[in-house]
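Each remark here refers to the structure printed beneath this line.
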Amino acid sequence: MKSTSKIYTDKDSNLDVIKGKRIAVLGYGSQGRAWAQNLRDSGLNVVVGLEREGKSWELTKSDGITPLHTKDAVKDADIIIFLVPDMVQRTLWLESVQPYMKKGADLVFAHGFNIHYKLIEPPKDSDVYMIAPKGPGPTVREYYKAGGGVPALVAIHQDVSGTALQKALAIAKGIGATRAGVIPTTFKEETETDLFGEQVILVGGIMELMKAAFETLVEEGYQPEVAYFETINELKMLVDLVYEKGITGMLKAVSDTAKYGGMTVGKFVINEDVRKRMKEALQRIKSGKFAEEWVEEYGRGMPTVVNGLSQVQNSLEEKIGNQLKDLIQKGKPKS
Ligand SMILES: NC(=O)c1ccc[n+]([C@@H]2O[C@H](COP(=O)([O-])OP(=O)(O)OC[C@H]3O[C@@H](n4cnc5c(N)ncnc54)[C@H](O)[C@@H]3O)[C@@H](O)[C@H]2O)c1
Ligand SMILES: CC(C)(O)[C@@H](O)C(=O)O
Ligand SMILES: [Mg+2]
Ligand SMILES: [Mg+2]
């Protein structure tokens, strides 16, 4: 185990390093919308680059930011931030960024996928760095507006100017991340751990665990509403306790019966076999097999993602969740 040598906070970063520089945020989705608004509200010079005048274009305008066609946005930009989907970045780079950008402009990422797996080969005269928020885009905006920030990782791939880290930390400050903390990493470590996290726990693991538990109860004849409260809705409250007080805090809040059952049956369900599969999933990421498969799936129009989303939308647990939504919302604290 090698612990981080440093956690950067507000006092380690200075917005002046990038003040007045023209920042082009490419894409206005989950992260793009949050970054563009946070950077603008931090007093930085932001434009948004989009390929066409559609939904994102209108949203950008209604948020008070100027949308431009990508090539116009990158033409005069000193810092170009890729916040379009990972599978779109290579084509955007080849067709709309590389031919039009200023020589030596910085190339910035929120995830290392395209650089680590060499889908984008940046010019040798650009600084290339990453600020990877460890949370979803809407939360990056929500926390910033409330005076906080989502923690992030920072990594430098190319440092031609010798100031790449200072610029990366200034952007991290501009989106609010240094209000929490920013940990230095490499493109390799960020890419592999981020993919692993979303596959085995944050997205894949939790989703399948919730579904499997819900379906087990329903198949055994229990009321789906009771199953929903038990296996999906209450999860937030227990994860909130972990977030506020750690795993120990969560354990202290539940009954001794839940502690004993959780400590024994948890290990029976999430057993050595599951850990072996986690290692296998990590191996597929490290070898590049997952990246290869994802590029191929994307090329076929993402059938697995499209069908998977529609299956989830039409599942019994989603129907029950929708029926209970008003009731659940009414019970939420009014702050
Ligand atoms: N979603 C997250 O919370 C999150 C968290 C950390 C890092 N990241 C990283 O941030 C980057 C952006 O991800 P995201 O989830 O915010 O993206 P997204 O899917 O929300 O991006 C959608 C936006 O990208 C643009 N776009 C979509 N398709 C396009 C196309 N074919 N051509 C040109 N532009 C197109 C549009 O502006 C659209 O609004 C990725 O590298 C991702 O890995 C995302
Ligand atoms: C929000 C996540 C899952 O952490 C991010 O990594 C993503 O790819 O959306
Ligand atoms: Mg990710
Ligand atoms: Mg992530």
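The values are calculated or read from the model by the stated rules, or taken from the named source; none is laboratory data. Computed from a predicted structure; not experimentally measured. Here Cβ is always computed from backbone atoms with ideal geometry, including for glycine, and neighbour counts include all displayed protein chains.
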Fill in: So Thr193, is it within 16 Å of ligand 4 (Cβ to nearest atom) and either modelled with pLDDT of 95 or more or charged (D, E, K, R) (or both)
yes
Worksheet item: Quick one: in segment 259-311, which of the residues that are over 18 Å from Ile201 (Cα atoms) and of a type in the set (Val, Ile, Thr) is surrounded by the most Cβ atoms within 10 Å (Cβ to Cβ)?
Response: Val295
Discussion item. Can you confirm whether Ile175 is away from ligand 4 (no atom under 15 Å from the Cβ), buried (at least 24 other Cβ atoms within 10 Å of the Cβ) and touching a residue at least 12 places away in the same chain (Cβ under 8 Å)?
Written reply: no
Worksheet item: So which pairs qualify, if the first residue must be in segment 153-170 and free of Cβ contacts under 8 Å to residues at least 40 places away in the same chain, the second must be of a type in the set (Asp, Glu) and loosely packed, with under 14 Cβ neighbours inside 10 Å, the Cβ gap must be under 9 Å, and the two must be at least 6 apart or on different chains?
Response: Gln158/Asp125
Practice prompt. Please find, within segment 73-113, the residue that is surrounded by the most Cβ atoms within 10 Å (Cβ to Cβ) out of those that are farther than 23 Å from Thr191 by Cα and in contact with a Phe, Trp or Tyr (Cβ under 8 Å, 6 or more places away or on another chain).
Written response: Val74
Discussion item. Anything in segment 105-151 that is in a loop (DSSP other than H, G, I, E, B), small (Gly, Ala, Ser) and within 13 Å of ligand 2 (Cβ to nearest atom)? List them, or say none.
Written reply: Ala110, Gly112, Gly135
Worksheet item: For Gly112, are the conditions met, namely being assigned by TED's automatic domain parsing to the domain that holds Arg90, touching a strand residue (DSSP E or B) at 6+ places or on another chain (Cβ under 8 Å), over 21 Å from Arg33 (Cβ atoms) and at pLDDT 95 or above?
Response: yes
Worksheet item: So, of the residues in segment 1-57 that are basic (Lys, Arg) and assigned to a helix (DSSP H, G or I), which turns out to be farthest from ligand 4 (Cβ to nearest atom)?
Response: Lys11
Item to complete: For Glu190, indicate whether it is charged (D, E, K, R), within 16 Å of ligand 1 (Cβ to nearest atom) and surrounded by 17 or more Cβ atoms within 10 Å (Cβ to Cβ).
Response: yes
Practice prompt. Inspect segment 217-231 for any residue being acidic (Asp, Glu) and within 30 Å of Gly288 (Cβ to Cβ) and give the result as yes or no.
Written response: no
Practice prompt. Just give me the residues in segment 93-122 being touching a His at 6+ places or on another chain (Cβ under 9 Å) and under 20 Å from Ile175 (Cα atoms), in sequence order.
Written response: Leu107, Phe109, Gly112
Response to the item:
Flagged pairs (Cβ under 9 angstrom, 6 or more apart or on separate chains; first in segment 130-142, over 15 Å from Val25 (Cα atoms) and within 12 Å of ligand 4 (Cβ to nearest atom); second among the charged types (D, E, K, R) and assigned to a helix (DSSP H, G or I)) are Lys134/Asp194
Worksheet item: From the list Lys71, Lys102, which one is part of a helix (DSSP H, G or I) and charged (D, E, K, R)?
Response: Lys71
Worksheet item: Which residue out of Gln89, Gln31 is under 28 Å from Gly301 (Cβ atoms) and free of Cβ contacts under 8 Å to residues at least 40 places away in the same chain?
Response: Gln89
Practice prompt. Would you mind finding the one in Ile23, Ile79, Ile7, Ile18 that is at pLDDT 95 or above and within 20 Å of the chain's Cα centre (by Cα)?
Written response: Ile7
